[in-house]
1. Quick one: how many residues across the range 132-170 are among the β-branched types (Val, Ile, Thr) and at pLDDT below 85?
2. Considering only residues that are of a type in the set (Val, Ile, Thr) and either modelled with pLDDT under 90 or over 16 Å from the mean Cα position of the chain (by Cα) (or both), which ones fall in the range 32-62?
3. Looking at VAL69, is it surrounded by fewer than 17 Cβ atoms within 10 Å (Cβ to Cβ), at pLDDT below 90 and over 15 Å from the mean Cα position of the chain (by Cα)?
4. Within the range 12-30, can you find the residues that are without any contact (Cβ under 8 Å) to a residue 60 or more places away in the chain and in a helix (DSSP H, G or I)?
5. Does any residue in the range 78-99 that is over 21 Å from ASP126 (Cβ atoms) and without any contact (Cβ under 8 Å) to a residue 24 or more places away in the chain come within less than 7 Å, Cβ to Cβ, of a residue that is surrounded by 18 or more Cβ atoms within 10 Å (Cβ to Cβ) and polar (S, T, N, Q) six or more places away or on a different chain, and which pairs are these?
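The values are calculated or read from the model by the stated rules, or taken from the named source; none is laboratory data. Quantities reported herein were computed from a predicted structural model and do not represent experimental measurements. Glycine gets a Cβ as well: all are built from the backbone with ideal geometry, and neighbour counts include every protein chain shown.
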Amino acid sequence: MPRDDALPDYCRKPTLIVGCGNVLMGDDGFGCEVAEHIQQREHLPESVCALDAGTGVRSLLFTICLSAVRPQRVLVIDAVDAGREPGDLFELDPADIPPVKLDDFSMHQLPTSNLLRELQALCGVDVRVLACQPGLIPELVQPGLSSAVAAAVPRAARWIVDTYLDSVLA
């Protein structure tokens, strides 16, 4: 059995905030921007790990699923096209993640969305998804968020702290 201190921080901390997406593809980089915003502007307790997983969310989730030690709560932040107004923030249950493929690295692509459901159902991890309606997911590389989604970044960070971390910070 591996030593606990040999495991990555994201497995050992009770709360994991994971931003995912592709910063080279417009608004798909929303989750990454929120994770960075939280890392730079919020004073997080030792029990919380905020991580920009970028396009590597699948291997991160796989590691957590296989680990003997894992977070109690995982907050996933991503852009999800749900037909809303660009910049709208909303929560999703992992079971309700639409199987829409935004890009080759999306959390919506199987098996990533299945890993979120397995973390919740089989591993007993409380998985929450905070999503933002994207406005611009370009066909070709085009870094940078649209103005509506960029404005949602600090709101999303504040929502995460107020909704999920207040009890941890108190």
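1. From the range 132-170, those among the β-branched types (Val, Ile, Thr) are 137, 141, 149, 153, 160-161, 163, 168; that's our starting set.
Restricting the remaining residues to those that are at pLDDT below 85 gives 137, 168.
Looking only at that region, the number is 2.
2. Residues of the range 32-62 of a type in the set (Val, Ile, Thr): 34, 38, 48, 55, 57.
Correct list: THR55, VAL57.
3. Values: surrounded by fewer than 17 Cβ atoms within 10 Å (Cβ to Cβ): yes; at pLDDT below 90: no; over 15 Å from the mean Cα position of the chain (by Cα): yes.
No: the conditions fail for VAL69.
4. ARG12
5. Cβ pairs passing all conditions: PRO99/SER113.
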